[in-house]
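Take this structure, written in structure tokens, and hold onto it; I'll ask about it next.
The values are calculated or read from the model by the stated rules, or taken from the named source; none is laboratory data. None of the values given here were measured: they were computed from a predicted structure. Cβ atoms come from the backbone with ideal geometry, glycine included; neighbour counts cover every protein chain shown. For accessibility, only protein heavy atoms count, side chains too; no ligands or nucleic acids. Shrake-Rupley method; radii C 1.70, N 1.55, O 1.52, S 1.80 Å.
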Amino acid sequence: MKITALTTYLVAPRWCFLRIDTDEGITGWGEPVIEGRAHTVAAAVDELADYLVGKDPMSIEAHWQVLTKGGFYRGGPILSSAVAGIDQALWDITGKALGVPVWQLLGGAVRDRIRVYSWIGGDRPDDVAQAALERQEQGFTAIKMNASAELDPIDTPRATTGIVDRVAAVRAATGDDFDIAVDFHGRLSVAMARRVLPLLEPYLPFFVEEPLVPEVSDRIGEITSATSIPIATGERLFSRWDFRTVLDRGVAVVQPDLSHAGGISEVRRIAALAESRDVALAPHCPLGPIALAASLQVGFATPNLLIQEQSLGIHYNTGSDLLDYLVDRTVFAYRDGYVDLLRRPGLGIDIDENAVARAAERGHRWRNPIWQRKDGSFAEW
Ligand SMILES: [Mg+2]
């Protein structure tokens, strides 16, 4: 079997899908994207296609080595995301060619279902207690929320108590059989993180995510040693090498993104590296159905999986949502906050090619908001 073509589709709300065709009629799908830089990643896929066309799609690891290292310059969000989407599509083709799901190729399933969580509250969280109750009524047993909007490096008592009050309100509304993950999007300084996180401890958050921006990962040990709350990070780390710094500094959960961190091949290795440090895996996935399917394929075969993020109803999904590009939407029918084992070959989903083609005619130019502090200077979003 030989690869004949790579085609990218920019589709709403902010995604990029990749179709890889072969001379035997088997087609694989991937999702190579960085949110806000979809066109750039698609251009990187186009450049990598020069190497891939004519090659055997089932030589996944050999291609992964060339795609990540063969350009001399390596790493980073754009190249790692382009390779991630290609890698997903090659696993999809290989599974379809052999008639088995990808988790079977990774050694078989270690669980029958995967717990998933849902987002509430948006970028500037408001009325989170009511939103959490609605998710609980839908059967979810865990949510994730931002607990603040933009913050100053050392903010006011009001900013601090506001964070605590929002988490307390969700805990009071949902009770103790419910998990609350709190994502800071790197909005805290080291000083603010050390002030805020101990105040959240009475509400037993599931984990606190990205308290710091990734460029100061070498200081995350000062956070993990200052609180009993499990610390999660990793959506902006792109390889097993990138994760070494945080794994050596006491994080509890790593969150590589299947569409950013080199795909199924590399996230599988990051998970094993994390297991060797007693750290759990919770793949980042506010993205589309292909990224979610790839995440679940790894999760079914990975012993140290904690939970899976998914984007149904997330605040970014305006105009289009997780299920819109699937022929059979029941694959992601959540029951009691879990998704069942995907049983179809490859990634286990059937992409609605007509819906993708129609959406790609419209395309998108999604960009994240640019935030400012009160004095007009740049604030982390
Ligand atoms: Mg996050």
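Is segment 242-254 home to any residue that is at positive phi and either in a loop (DSSP other than H, G, I, E, B) or free of Cβ contacts under 8 Å to residues at least 12 places away in the same chain (or both)?
Yes, because at least one residue in segment 242-254 is at positive phi and either in a loop (DSSP other than H, G, I, E, B) or free of Cβ contacts under 8 Å to residues at least 12 places away in the same chain (or both).
Okay, moving on. Of all the residues that make up segment 269-300, how many are surrounded by fewer than 22 Cβ atoms within 10 Å (Cβ to Cβ) and more than 16 Å from the ligand (Cβ to nearest atom)?
Summing the residues that are surrounded by fewer than 22 Cβ atoms within 10 Å (Cβ to Cβ) and more than 16 Å from the ligand (Cβ to nearest atom) in segment 269-300 gives 7.
Now for a separate question. Which members of segment 336-355 meet the condition of being over 16 Å from ASN317 (Cβ atoms) and hydrophobic (A, V, I, L, M, F, W, C)?
Residues of segment 336-355 that are over 16 Å from ASN317 (Cβ atoms), as a first pass: 336-354.
Within segment 336-355, VAL339, LEU341, LEU342, LEU347, ILE349, ILE351 qualify.
Right, another one. Residue check: is SER217 out of contact with any Gly (no Cβ under 9 Å at 6 or more places or on another chain), part of a helix (DSSP H, G or I), among the hydroxyl-bearing types (Ser, Thr, Tyr) and in contact (Cβ under 8 Å) with a residue 60 or more places away in the chain?
Working: out of contact with any Gly (no Cβ under 9 Å at 6 or more places or on another chain): yes; part of a helix (DSSP H, G or I): yes; among the hydroxyl-bearing types (Ser, Thr, Tyr): yes; in contact (Cβ under 8 Å) with a residue 60 or more places away in the chain: no.
In short, no.
Every residue, every condition in (1) modelled with pLDDT of 95 or more; (2) more than 18 Å from VAL33 (Cβ to Cβ); (3) out of contact with any Phe, Trp or Tyr (no Cβ under 7 Å at 6 or more places or on another chain), yes or no:
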| site | (1), (2), (3) |
| --- | --- |
| VAL267 | yes, no, yes |
| SER276 | yes, yes, yes |
| VAL279 | yes, yes, yes |
| ASN317 | no, no, yes |
| TYR325 | yes, no, yes |
| TYR334 | no, yes, yes |
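Pick from ARG277, ARG244, ARG240, ARG249: which is touching a Lys or Arg at 6+ places or on another chain (Cβ under 7 Å) and farther than 17 Å from TRP103 by Cα?
Going through ARG277, ARG244, ARG240, ARG249 in turn, the sole match is ARG240.
Could you run through segment 123-152 and say how many residues are open to solvent by 10 Å² or more (accessible area, probe 1.4 Å) and not in a helix (DSSP H, G or I)?
Step one: filter segment 123-152 for residues open to solvent by 10 Å² or more (accessible area, probe 1.4 Å), giving 123-127, 129-131, 133-141, 149-152.
Keeping just the survivors that are not in a helix (DSSP H, G or I) gives 123-127, 138-141, 149-152.
Of the residues in that region, 13 qualify.
In segment 151-186, how many are more than 16 Å from the ligand (Cβ to nearest atom) and in contact with an Asp or Glu (Cβ under 7 Å, 6 or more places away or on another chain)?
Result for segment 151-186: 0.
Looking only at segment 97-150, which residues are farther than 21 Å from GLY348 by Cβ, more than 16 Å from the ligand (Cβ to nearest atom) and aromatic (Phe, Trp, Tyr)?
Of everything in segment 97-150, just one residue is farther than 21 Å from GLY348 by Cβ, more than 16 Å from the ligand (Cβ to nearest atom) and aromatic (Phe, Trp, Tyr), namely PHE140.
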